[in-house]
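Data block below; observations after.
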Amino acid sequence: MSWSSLYLILGRIFQLLVLLGRDDRAKTAEIVVLRHQVAVLRRQVNRPELQPGDRVVLAALSQLLPRSSWNVFFVTPATLLRCTARW
């Protein structure tokens, strides 16, 4: 694992710790804003280019969600399964 991947993972862990301290109303508002931003970006980009660290983070986060919720990811479930199978 490269230093950039480790840095990315540690950054996401710290962000998660910050989220744990927020109230539900703030979290809900942030989720709505982020979902809207993702919808706007999906209209503008055909296929995003993922770095290896991005794949690791998405694969790890996918393990926290039930498969029925995987439609929130902009990559296919098969891609996530391939990433998690490498672990």
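The values are calculated or read from the model by the stated rules, or taken from the named source; none is laboratory data. Being a predicted model, the structure only gives us computed values, none of them experimental. So basically every Cβ, Gly included, is an ideal-geometry build from the backbone, and we count neighbours across all protein chains shown.
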Whether any residue in region 45-52 is touching a residue at least 40 places away in the same chain (Cβ under 8 Å) and either within 19 Å of N71 (Cβ to Cβ) or in a helix (DSSP H, G or I) (or both) is what I want to check. yes
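Could you check region 1-44 and list, in sequence order, the residues that are outside any helix (DSSP H, G or I) and not aliphatic (A, V, I, L, M)? Break it down stepwise before answering.
So in region 1-44, the residues outside any helix (DSSP H, G or I) come out as 1-2, 21-23.
The answer is S2, G21, R22, D23.
Residues checked against (1) in contact with a Pro (Cβ under 7 Å, 6 or more places away or on another chain); (2) modelled with pLDDT of 80 or more; (3) exposed (fewer than 13 other Cβ atoms within 10 Å of the Cβ); (4) of a type in the set (S, T, N, Q):
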| residue | (1), (2), (3), (4) |
| --- | --- |
| R22 | no, no, yes, no |
| E30 | no, yes, yes, no |
| L41 | no, yes, yes, no |
| P66 | no, yes, yes, no |
| F73 | no, no, no, no |
| T76 | no, no, yes, yes |
| R82 | no, no, no, no |
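How many residues are hydroxyl-bearing (S, T, Y) and within 21 Å of F74 (Cβ to Cβ) if we restrict to region 1-27? Lay out the reasoning, then the answer.
Restricting attention to region 1-27, the residues satisfying the condition of being hydroxyl-bearing (S, T, Y) are 2, 4-5, 7.
If we keep only those that are within 21 Å of F74 (Cβ to Cβ) as well, we get 4-5.
Number satisfying all stated conditions: 2.
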